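Read the figures in this text as sums done on the coordinates, not as results from a lab. Computed from a predicted model, the values in this text were never measured in an experiment. Positions of Cβ are backbone-derived with ideal geometry, glycine not excepted, and every protein chain shown enters the neighbour counts.
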């Protein structure tokens with residue numbers, strides 16, 4: 001089902017209305033009051049009546065980045081921390097959106113909403129927003145991730161239809177699935193699922209201490225135990241399947257980005273898959 005997003009003049013997103021613009025749409029017969037500058041001379045020359053050119057107006061959309069800044073993102077065993085990848089994604093996508101005439105805002109959260117940056121256009125506003133995200137990411141974070149609360153607050157705050165991008169590892173208590181589904185009904189929702197390869201398996205490195213970054217709870221683990229590593233991998237795979245299923249059921253487009261690879265190729269792959277799915281409104285996009 002196609003939905004009109006929250007548009008404002010000045011962008012280059014395609015509008016569902018016809019009017020003044022630069023993208024050719026159709027021609028129609030000239031009517032009294034039409035601007036003579038819109039006459040389509042090639043068609044008129046082949047007819048006994050004048051025709052005018054119609055085009056699609058250029059519009060801009062509002063985009064909201066809901067960014068998880070909780071302690072669970074202070075983890076990374078590959079190219080970078082999950083937190084750094086979230087900031088990199090926000091900056092990259094923000095530049096793409098602002099560069100095409102759209103407005104970008106942000107909602108930063110951990111156990112509660114930490115900051116709200118209303119959507120703005122322009123490079124200066126984007127740089128200020130990214131600086132705000134970086135400060136929130138580098139500052140002290142709360143112990144838990146209340147994703148459900150953040151999504152509920154976003155539902156109250158964001159009234160106009162928009163592009164909604166949720167950046168999180170989705171390692172949060174249950175309860176976020178329903179508010180995400182409600183947001184996806186009204187907005188175009190993209191779930192950016194930030195992962196790290198070591199979340200799926202434990203290497204054989206002897207006896208180590210593991211700590212939950214959100215609760216601070218520690219446990220001593222002998223990683224030489226093959227059965228323990230197998231149980232961990234099975235549990236991690238089960239958790240991954242649950243998260244993926246929950247996101248798909250919420251009708252969000254899923255973009256999994258890993259700390260093990262460069263961001264740009266992952267982003268390009270998701271965009272291509274998403275564009276390929278645009279003609280299939282009920283098919284979830286998973287990258």
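A Förster distance of 45 Å, applied to the separation of the beta-carbon atoms of residue 182 and residue 54, puts the FRET efficiency at 0.75.
Of the peptides 90-102, 162-174, 42-54, the ranking by mean beta-carbon count within 10 Å, highest at the top, reads 162-174, 90-102, 42-54.
Annotation: the residues 107, 81, sorted from fewest to most other C-beta atoms within 10 Å of their own C-beta, follow the order 81, 107. Multiplying the residue separation of residue 201 and residue 135 by 0.36 nm and subtracting their alpha-carbon distance yields 20.6 nm. Protection proxy ranking of 229-241, 255-267, 182-194, by the mean of other Cβ atoms within 10 Å over each peptide's residues and highest first, is 182-194, 255-267, 229-241. Could you work out how far the C-alpha centroid of the range 120-175 sits from that of the range 234-267, in angstrom? Rounded to whole Å, the Cα centres lie 18 Å apart.
If R₀ is 41 angstrom, what is the calculated FRET efficiency for the pair residue 111 and residue 38, using the beta carbon separation as r and rounding to 0.05?
Efficiency computed from Cβ-Cβ geometry: 0.15.
By the count of neighbouring beta-carbon atoms within 10 Å, fewest first, 124, 152 end up ordered 124, 152. A full extension of the chain between residue 144 and residue 156 corresponds to an added length of 2.1 nm, given 0.36 nm per residue minus the alpha carbon distance. In the range 60-277, the ratio of gyration radius to Kirkwood radius, Rg to Rh, stands at 0.97 when only Cα atoms are counted.
Of 145, 38, 242, 195, the sequence from fewest to most neighbouring Cβ atoms within 10 angstrom is 242, 38, 195, 145.
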